[in-house]
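K.L.:
Dumping the structure here so I can ask a few things about it.
The values are calculated or read from the model by the stated rules, or taken from the named source; none is laboratory data. Bear in mind the structure is a predicted one, so any value in this text is a computation, not a measurement. Neighbour counts are summed over all protein chains in view; Cβ atoms, including those assigned to glycine, are modelled from backbone coordinates with ideal geometry. For the accessible areas, the whole protein counts, side chains as well, though only heavy atoms, and no ligand, DNA or RNA atoms are used. Shrake-Rupley method; radii C 1.70, N 1.55, O 1.52, S 1.80 Å.
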Amino acid sequence: MTRRHGSLTSHLRFTLAGPSDAPALAGLRAAAARALTVQYGEGHWSSEPSERGVVADLRYAQVWIARRGADVLGTFRLATKKPWAIDVSYFTECKRPIYLSNMAVHPDHQRRGIGCGCLEYAVRRAREWPGDAIRLDAYDAAAGAGGFYSKCGFREVGRTEYRGTRLCYYELLL
């Protein structure tokens with residue numbers, strides 16, 4: 001994974017989220033959902049997370065925050081437990097997969113390398129876990145981030161439909 005925006009992401013600081021971060025994370029993810037809905041219309045991406053949902057994530061995963069100073073710019077979730085929509089038959093067999101989900105960058109800070117910085121940090125953390133691969137799904141729609149993941153070195157391994165939602169699966173072998 002190459003850093004395209006090195007100078008813009010060099011001042012990012014990544015912290016493991018705690019319960020006190022739930023309001024900021026729910027706000028960031030809600031802002032991202034609203035921006036996608038304005039741009040692409042209603043879809044599965046339109047649901048706004050609750051603080052309670054963010055706190056629940058903290059019990060089962062590592063939720064990371066990308067900060068610049070006091071500002072919360074981005075977030076992502078890493079877990080060893082497979083998310084509901086992942087069908088493992090599409091992925092390369094490995095012993096220790098890490099699942100990336102709930103990645104979001106605040107709309108005011110998108111296209112500035114924050115997402116790339118989040119993925120670079122996620123890869124570093126997954127290797128330290130230790131993990132053999134990072135797996136994720138993205139919406140197979142204009143609002144999906146599949147092109148972004150491909151540009152960041154993830155390989156598309158399949159497409160499926162789960163409960164009426166078209167998804168693309170991506171992985172990065174570590």
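K.L.:
Which is among the aliphatic types (A, V, I, L, M), more than 21 Å from Arg135 (Cα to Cα) and at pLDDT 90 or above, of Leu100, Leu8, Leu58, Leu36?
P.N.:
It is Leu36.
Yes/no matrix, rows are residues, columns are (1) touching a Cys at 6+ places or on another chain (Cβ under 9 Å); (2) within 20 Å of Gly115 (Cα to Cα):
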{"site": "Gly41", "(1), (2)": "no, no"}
{"site": "His44", "(1), (2)": "no, no"}
{"site": "Ala56", "(1), (2)": "no, no"}
{"site": "Ala66", "(1), (2)": "yes, yes"}
{"site": "Gly69", "(1), (2)": "no, yes"}
{"site": "Leu78", "(1), (2)": "no, yes"}
{"site": "Lys81", "(1), (2)": "no, no"}
{"site": "Asp87", "(1), (2)": "no, no"}
{"site": "Phe91", "(1), (2)": "no, no"}
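K.L.:
Additional query: Which of (1) buried (at least 19 other Cβ atoms within 10 Å of the Cβ); (2) over 19 Å from Tyr40 (Cβ atoms) is the odd one out, the single condition His106 does not satisfy?
P.N.:
(2)
K.L.:
Return the pairs, sorted by first residue and then second, in which the second residue is at pLDDT below 95 and in a helix (DSSP H, G or I), the first residue lies in segment 16-28 and is open to solvent by less than 40 Å² (accessible area, probe 1.4 Å), the beta carbons are less than 6 Å apart, and the residues are 6+ apart or on different chains.
P.N.:
The qualifying pairs are Ala22/Glu51; Ala22/Val54; Ala22/Val55; Leu25/Val54; Ala26/Glu51; Ala26/Val54.
K.L.:
Would you point out the residue of segment 155-174, among those that are in contact with a helix residue (DSSP H, G or I) (Cβ under 7 Å, 6 or more places away or on another chain) and closer than 18 Å to Tyr40 by Cβ, that is modelled with the lowest pLDDT?
P.N.:
Thr165
K.L.:
Answer with yes or no whether Thr92 is at pLDDT 90 or above, of a type in the set (Ser, Thr, Tyr) and open to solvent by 80 Å² or more (accessible area, probe 1.4 Å).
P.N.:
When the stated conditions are applied, Thr92 does not pass them.
K.L.:
Now for a different question. Could you grab the pairs with beta carbons closer than 7 Å, sequence gap of 6+ or different chains, first residue in segment 89-102 and of a type outside the set (Phe, Trp, Tyr), second one part of a loop (DSSP other than H, G, I, E, B) and exposed (fewer than 13 other Cβ atoms within 10 Å of the Cβ)?
P.N.:
Arg96/Pro130
K.L.:
Return a yes/no flag: does segment 117-125 have any residue that is within 24 Å of Leu28 (Cα to Cα), open to solvent by 60 Å² or more (accessible area, probe 1.4 Å), touching a residue at least 60 places away in the same chain (Cβ under 8 Å) and of a type outside the set (A, V, I, L, M).
P.N.:
Checked against the condition, which is being within 24 Å of Leu28 (Cα to Cα), open to solvent by 60 Å² or more (accessible area, probe 1.4 Å), touching a residue at least 60 places away in the same chain (Cβ under 8 Å) and of a type outside the set (A, V, I, L, M), segment 117-125 yields at least one hit.
K.L.:
With respect to the numbered conditions (1) open to solvent by less than 20 Å² (accessible area, probe 1.4 Å); (2) within 24 Å of Glu156 (Cα to Cα); (3) touching a Lys or Arg at 6+ places or on another chain (Cβ under 8 Å); (4) not polar (S, T, N, Q), which one is the sole condition not fulfilled by Asp132?
P.N.:
So the condition that Asp132 fails would be (1).
K.L.:
Quick one: in segment 135-154, of everything that is in a strand (DSSP E or B) and under 19 Å from Tyr40 (Cα atoms), which residue is most open to solvent (accessible area, probe 1.4 Å)?
P.N.:
Applying the filter and picking the extreme gives Tyr139.
K.L.:
Look through segment 155-174, keep the residues that are in a strand (DSSP E or B) and without any contact (Cβ under 8 Å) to a residue 40 or more places away in the chain, and return whichever of them is nearest to Leu78 (Cα to Cα).
P.N.:
Out of the qualifying residues, it is Tyr170.
K.L.:
Could you check how many residues of segment 73-87 are open to solvent by 30 Å² or more (accessible area, probe 1.4 Å) and either more than 29 Å from Asp132 (Cα to Cα) or among the aromatic types (Phe, Trp, Tyr) (or both)?
P.N.:
Count: 1.
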